[in-house]
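I have placed the structure first, in the form of C-alpha cells, so that the comments after it can refer back to it.
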Amino acid sequence: MITLKSLDLAEANQVIQAGIARATEISSPSTLCVVDVGGTVIAQARMDGASLSSVALAYNKAYTAISTRLATSFIATIAQPHGDFYGIANGLGGRAIIFPGGVPITIDGEVVGAVGASGGNGQQDEDVAQIAAKALSTK
C-alpha cells in the first residue's frame with residue numbers, strides 16, 4: 001500500500017490567501033487554484049477584476065505543476081524544440097500549460113499539492129504563485 005501526503009482545505013485556503021495578498025499588493029487581479037496531490041481542486045478563488053479565462057488557466061497551471069512536480073516556468077525552458085519536454089503542450093489531455101504561474105507545494109521534501117495563478121502577465125503570475133506556495137512549502 002502507498003500512502004500519499006496531501007494538502008487539506010485549511011492549508012489550501014492559507015495558500016489562496018497568501019496569493020490574494022500578493023496579487024493585491026502588485027495590482028494584479030488573479031485567480032488562484034490549489035490542487036491536491038492527485039490534481040483535484042481543493043480551493044479556488046477569482047479576485048474581482050480577474051479575467052474569465054484566468055479560472056481555467058489557473059487550474060491547468062496547478063494541474064501541470066502537480067503532474068510533473070515542476071514549476072511551469074521551468075517547464076517552459078525544457079519544452080522548446082529538442083528539449084526534454086518538447087511536445088508537452090499537447091499532452092495531459094490538452095491541459096498542459098508551459099508558461100509561468102504553476103508551482104508545486106513541497107512540505108518536508110515531498111510534493112503535496114500545487115498552486116496555479118493567472119490574471120497578470122507571466123512575471124506577475126509566477127510571483128503570485130511562488131509567494132502563495134511559500135505560505136506552506138518547506139524543503
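Quick note: the coordinates plus some simple rules give every number you see, no bench work behind them. On a predicted model such as this, the values are computed, not experimentally measured, just so you know. Neighbour counts run over all protein chains shown; Cβ positions are idealised from the backbone, glycine included.
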For the chain, calculate the relative contact order in percent as a whole number, restricting contacts to Cα pairs under 8 Å that are 6 or more residues apart.
29 percent
Mean residue ellipticity (222 nm) of the chain, computed from DSSP H runs ≥ 4 via -39,500 (n - 2.57), nearest 500
-12000 deg cm²/dmol
Taking loop as defined by DSSP and a crowding limit of 13 other beta carbons within 10 Å, which trypsin sites (Lys or Arg not before Pro) in segment 1-54 fit?
5
Pull up all non-local amide H partners of residue 113: gap of 5 or more, or a different chain, and H-to-H distance under 5 Å with H placed in the peptide plane.
105
Hey, if you put +1 on the Cβ of every Lys and Arg and -1 on every Asp and Glu Cβ in the chain, which of 90, 28, 60 ends up farthest toward the positive end of that dipole?
90
Please build a GNM for the chain, connecting alpha carbons under 10 Å apart, and tell me which residue among 44, 14, 124 fluctuates the most.
14
For segment 1-127, take every pair of Cα atoms, bin their distances at 5 Å starting from 0, and report each bin as a whole percent.
2, 13, 23, 23, 19, 12, 6, 2, 0, 0
Taking the Cα atoms of segment 72-136 alone, what are Rg (to one decimal) and Dmax (as a whole number) in Å?
12.4, 35
Tell me the net charge near residue 97. Cut-off is 14 Å between Cβ atoms, residue 97 excluded, with +1 for each Lys or Arg and -1 for each Asp or Glu.
0
With +1 on each Lys and Arg Cβ and -1 on each Asp and Glu Cβ, and nothing else charged, work out how big the dipole of the chain is about its Cα centre, in Debye to the nearest 20.
140 debye
How compact and how long is segment 34-104, expressed as Rg and Dmax of its alpha-carbon atoms in Å?
12.2, 40
Debye intensity ratio I(q)/I(0), log10, segment 15-69, q values 0.18, 0.23, 0.27, 0.32 Å⁻¹ (C-alpha model)
-0.55, -0.85, -1.05, -1.24
So, R0 is 25 Å and r is the distance between the beta-carbons of residue 138 and residue 21; what FRET efficiency does that work out to, to 0.05?
0.80
